[in-house]
1. Any chance you could run the full-extension gain for residue 72 through residue 12? It's 0.36 nm times the residue separation minus the Cα-Cα distance, nm to one decimal.
2. Set the Förster distance to 22 Å, then compute FRET efficiency between residue 81 and residue 47 from the Cβ-Cβ distance, nearest 0.05.
3. Along the principal axes of its C-alpha atoms, what lengths does the chain span, in descending order and rounded to whole Å?
4. Output the relative contact order of the chain, whole-number percent, from Cα pairs under 8 angstrom with separation of 6+ residues.
5. Under a GNM of the chain (C-alpha, springs under 10 Å), which listed residue has the highest mean-square fluctuation: 65, 34, 73?
6. When the helices in the chain are scored as -39500 (n - 2.57) per DSSP H run of 4 or longer and the sum is shared across all residues, what 222 nm value do you end up with, to the nearest 500 deg cm²/dmol?
């Protein structure tokens, strides 16, 4: 089963969210509907848009890649994908 590591961007607040999932489109919809009540994305209004994603073969590797993207260098890489 394929997993996705993804980055969302909220233009209104200039914030980035990085996560991983099996079903990318459903996950984006859930973030925008504020389904995760106490989550980082639910606390901020405005639309979350997909700015980056990559497919990973298994969850262990997806979690490892997610952690890499959340590092300083990973966030610098992701910031280059923010639409201006």
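1. On the way: separation 60, 0.36 × 60 = 21.60 nm, distance 2.23 nm.
Here the answer is 19.4 nm.
2. Numbers: r = 16 Å, r/R0 = 0.74.
E(calc), rounded to 0.05, equals 0.85.
3. The principal-axis extents, from largest down, are 32, 26, 20 Å.
4. On the way: 124 pairs, mean separation 31.3, N = 84.
It comes to 37 percent, rounded to a whole number.
5. 73
6. Details: 3 runs with 28 residues, N = 84.
After summing the helix terms and dividing by the residues of the chain, the value is -9500 deg cm²/dmol.
Computed from the coordinates by the stated procedures, all read-outs in this text should not be read as laboratory data. Keep in mind that what you see is a predicted model, and the values were worked out from it rather than measured. Using ideal geometry, Cβ is built from the backbone for each residue, glycine included, and neighbour counts are taken over all protein chains shown.
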